[in-house]
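Enquirer: Okay, handing you the structure first.
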Amino acid sequence: MTPITEVEGRRLALSNLDKVLYPATGTTKGEVLHYYAATVAGPLLTHLDNRPVSFLRYPDGPDGQRFFTKNPPPGTPSWVRTTPVPHHDDEQARQVVVEDLASLMWAANLVVEFHTPQWRADAPGMADRMVLDLDPGAPATVVECCAVALWLRERLAADGLCAYGKTSGAKGLHLLVPLEPTPADRVSAYAKGLAVQAERELGDLVVHRMKRALRPGKVFVDFSQNAAAKTTATPYTLRARPEPTVSAPVTWAEIQECRTPGELVFLADGMRARLERYGDLLGPLADPDGAGRLPDAR
């Protein structure tokens, strides 16, 4: 029998709570739901606020079938907010907006990664943040990503921009920069310029093109997620990896001092302690007063 629970006045059917989703750690679906409800709901909802959500679903765990969806899943309750989104071949396209604990728990029960664009639902295509996805090509690891991140931080600071870091929850690192609302194509162009410059300055370490043959031993600075149609793993989301890894905010001291990949792997059961110690390290992203302005095109 599927248990029914009430969350903020909404009745939810939470299914298969004893199902093991992460065999490497024995983490069950019930523990995943507890992570979202009791550990990270506050900061996660801040970063989901007013953003259309895309879901990577993995209902049978990371070793099972995965499928990425932007459309509201079948059976989406009527009380879950959806918003129209621009779509090149469907003027009626809509996506879910996770705006409260009930919506968060409904989505988490589907076993999902949360992915969001760099813009908000009330201003489609107007980015209020920039992202640089640092993706290492083996044998490079997140250690090399940290070296690139430190260079990018200084380069961004030279343009008056402040960068914040988080792990991807997979192999790499994400840098996020709060911006005054700016057209996504302009942000993409600026981010590409940074990636090209990083490759020019750090040629032994960086590549700005996605071509696989170029990437072994180097860090791919992926600027493409700034395009209006693209999304990035939302801070605090769990990832479909062998263990319940988190896309976790990190300090610049942790980035600077990282010497082995394991130092920047964070699991669900460690996030409460990090939040108690640091609070939400990405909280400044939600503060309009901290938003930067891209330099004028040169």
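The values are calculated or read from the model by the stated rules, or taken from the named source; none is laboratory data. The structure displayed is predicted, hence computed values, not measured ones. Glycine gets a Cβ as well: all are built from the backbone with ideal geometry, and neighbour counts include every protein chain shown. Just so you know, the surface numbers come from the protein's heavy atoms only, side chains and all, with ligands and any DNA or RNA stripped out. Shrake-Rupley method; radii C 1.70, N 1.55, O 1.52, S 1.80 Å.
Enquirer: When you check Val207 against the structure, is it of a type in the set (Val, Ile, Thr) and open to solvent by less than 30 Å² (accessible area, probe 1.4 Å), yes or no?
Expert: Criteria met by Val207.
Enquirer: For the stretch 251-298, what are the residues that are under 22 Å from Val32 (Cβ atoms) and of a type in the set (A, V, I, L, M, F, W, C)?
Expert: Within the stretch 251-298, Leu264, Val265, Phe266, Leu267, Ala268, Met271, Ala273, Leu275, Leu282 meet the criteria.
Enquirer: Within the stretch 108-128, is there a residue that is in a helix (DSSP H, G or I), open to solvent by less than 20 Å² (accessible area, probe 1.4 Å) and closer than 23 Å to Asp280 by Cα?
Expert: yes
Enquirer: Tell me which residues, restricted to the stretch 24-60, are assigned to a loop (DSSP other than H, G, I, E, B) and in contact with a Pro (Cβ under 8 Å, 6 or more places away or on another chain).
Expert: Ala24, Thr25, Arg51
Enquirer: Just one of (1) part of a helix (DSSP H, G or I); (2) aliphatic (A, V, I, L, M); (3) open to solvent by 20 Å² or more (accessible area, probe 1.4 Å) trips up Met271, so point out which.
Expert: (3)
Enquirer: If I go through the stretch 160-181 residue by residue, how many of them are in contact with a Gly (Cβ under 8 Å, 6 or more places away or on another chain) and either open to solvent by 60 Å² or more (accessible area, probe 1.4 Å) or not in a strand (DSSP E or B) (or both)?
Expert: Total meeting the criteria: 4.
Enquirer: Continuing with this model, one more query. Of the conditions (1) buried (at least 17 other Cβ atoms within 10 Å of the Cβ); (2) part of a strand (DSSP E or B), Phe68 satisfies every one except a single condition; which number is it?
Expert: Single failed check for Phe68: (1).
Enquirer: Thr245: hydroxyl-bearing (Ser, Thr, Tyr) and out of contact with any Lys or Arg (no Cβ under 7 Å at 6 or more places or on another chain), yes or no?
Expert: So Thr245 does not fit the description; no.
Enquirer: Taking the stretch 232-267 on its own, how many of its residues are under 15 Å from Lys166 (Cα atoms) and either in contact (Cβ under 8 Å) with a residue 40 or more places away in the chain or touching a strand residue (DSSP E or B) at 6+ places or on another chain (Cβ under 9 Å) (or both)?
Expert: Count: 25.
Enquirer: Please tell me if Ala184 is closer than 21 Å to Cys145 by Cα and open to solvent by less than 60 Å² (accessible area, probe 1.4 Å).
Expert: Spelling it out, it is not the case that Ala184 is closer than 21 Å to Cys145 by Cα and open to solvent by less than 60 Å² (accessible area, probe 1.4 Å).
Enquirer: Only one residue in Ala147, Ala93, Ala140 is buried (at least 21 other Cβ atoms within 10 Å of the Cβ) and more than 18 Å from Thr46 (Cα to Cα), so which one is that?
Expert: Ala140 is the lone residue from the list that is buried (at least 21 other Cβ atoms within 10 Å of the Cβ) and more than 18 Å from Thr46 (Cα to Cα).
Enquirer: A follow-up question, please. Go through the stretch 1-44 and give me each residue that's of a type in the set (A, V, I, L, M, F, W, C) and either under 21 Å from the mean Cα position of the chain (by Cα) or open to solvent by less than 40 Å² (accessible area, probe 1.4 Å) (or both).
Expert: Correct list: Val7, Leu12, Leu14, Leu21, Val32, Leu33, Ala37, Ala38, Val40, Ala41, Leu44.
Enquirer: What about Arg209, is it outside any strand (DSSP E or B) and in contact (Cβ under 8 Å) with a residue 12 or more places away in the chain?
Expert: Against the criterion (outside any strand (DSSP E or B) and in contact (Cβ under 8 Å) with a residue 12 or more places away in the chain), Arg209 does not qualify.
Enquirer: Could you check the stretch 130-176 and list, in sequence order, the residues that are under 19 Å from Thr237 (Cα atoms) and among the β-branched types (Val, Ile, Thr)?
Expert: Val131, Val142, Thr167, listed by residue number.
Enquirer: Limited to the stretch 190-206, what total is found for residues that are without any contact (Cβ under 8 Å) to a residue 24 or more places away in the chain, part of a helix (DSSP H, G or I) and more than 19 Å from Asp296 (Cα to Cα)?
Expert: Qualifying residue count, the stretch 190-206: 2.
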